[in-house]
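Comments concern the structure below.
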Amino acid sequence: MIRAITSQNINPYPQYVCANVQLPTKERNYCVFDKNEVDYFVKQKENALPYLTDILEHSNNEAQITGTLYVLDKMLDDGTKGIDKMYPVLSRFNNTSSANIQTFLAGIYRKIQVPDAFGPLVSMLIKNSMQPQNPNQVFDPNEEIGGAILSYVSDRWKS
C-alpha cells in the first residue's frame, strides 16, 4: 500500500528532498538519483505535485532542482496528469545557465508540449550557442533542447 504524502510522513523541509543527487563529473557524465525516493514520488502520482511544486518554487540548489525535474520526468513517463499545469513554476528556470537543469527542463517540455515553452527553448539554444564551450561542462544540453524544439515542430506539423 502506498502512503499518501502528508506532513506526518514526509520531511516538511523541502531542502532535504532530492538533496542527495550526484551531478555529473568528468569521470561520470550522468546524474545519480536516489531510486527509492524517485519511486516513492512517482507512485504518489498527482498527490505529489503540490509538494514538488513547493520545492521548485523555493529551491536554489542545482542538485535538488535537477533531482526534482528528474522525478517529474519519470512521473510523466508513468502517466501522471497535471504536470503541464506546472509550467508557471517550471518557467522560473527558463533562463538558467545550468546544463543539468536545462537538459531535464527541455525533456519535460518535450513531453508536455506547453506552447509557452517553445520560445524559451529556442532562446536557451541560441544563448548556449553564443557562449564559448565551458571546459568543465560534462555534456551538451543543446542535444536535448534541440530535440525538444524538433518535437514541437514535428507535432505541430502533424496537426
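The values are calculated or read from the model by the stated rules, or taken from the named source; none is laboratory data. None of the values given here were measured: they were computed from a predicted structure. Note that we place each Cβ from the backbone using ideal geometry, even for glycine, and neighbour counts take in every protein chain shown. Please note that ligands, DNA and RNA were not included when accessible areas were found on the heavy atoms of the full protein model with its side chains. Shrake-Rupley method; radii C 1.70, N 1.55, O 1.52, S 1.80 Å.
In the context of the full protein assembly, LYS111 retains an accessible surface of approximately 90 Å², using a probe radius of 1.4 Å and ignoring ligands and nucleic acids.
What is the chain's relative contact order, in percent, from Cα pairs under 8 angstrom and six or more apart in sequence?
On the way: 166 pairs, mean separation 33.2, N = 159.
Result for the chain is 21 percent.
Site pair GLN113 and LYS158 shows an inter-label distance of 0.6 nm when each label is modelled 7 Å from Cα along Cα→Cβ. The listed residues PHE33, PHE93 rank as PHE33, PHE93 when sorted by accessible area, largest first, using a 1.4 Å probe.
Checking (i) 79, 35, 33; (ii) 42, 39, 29; (iii) 48, 42, 23 against the coordinates, the calculated Cα extents along the principal axes in Å falls under label (iii). Here's the list of aspartates and glutamates a cross-link from LYS74 could span, going by alpha-carbon distance under 17 Å and ignoring same-chain residues fewer than 8 apart: ASP34, GLU37, ASP39, GLU46, ASP84, GLU144.
Think of it as helices only: each DSSP H run of n ≥ 4 in the chain is worth -39500 (n - 2.57), and spread over all residues that comes to -16500 deg cm²/dmol at 222 nm. The label point for GLU46 and the one for GLU27, both projected 7 Å from the Cα toward the Cβ, are 4.5 nm apart. Between ASP39 and VAL122, full extension at 0.36 nm per residue minus the direct alpha carbon distance yields a gain of 26.7 nm. Relative to the dominant Cα principal axis of the chain, helix 142-158 is inclined by about 90°. In terms of accessible area, using a 1.4 Å probe and ignoring ligands and nucleic acids, LEU76, LEU56 rank largest first as LEU76, LEU56. The accessible-area ordering, largest first, of the residues TYR51, TYR152 stands as TYR51, TYR152, per a 1.4 angstrom probe. How far, in degrees from 0 to 90, does helix 49-58 lean away from the longest principal axis of the Cα atoms of the chain, to the nearest 10? Taking Cα atoms only, the helix is inclined about 60 degrees. What do you get for the angle between helix 62-77 and the principal long axis of the chain? Use alpha-carbon atoms, 0 to 90 degrees, nearest ten. Compared with the principal axis, the helix lies near 80 degrees.
Keeping all protein chains in position, work out how much accessible area MET130 exposes to a 1.4 Å probe, and write it in Å² to the nearest 10. Estimated to the nearest 10 Å², MET130 gives 150 Å².
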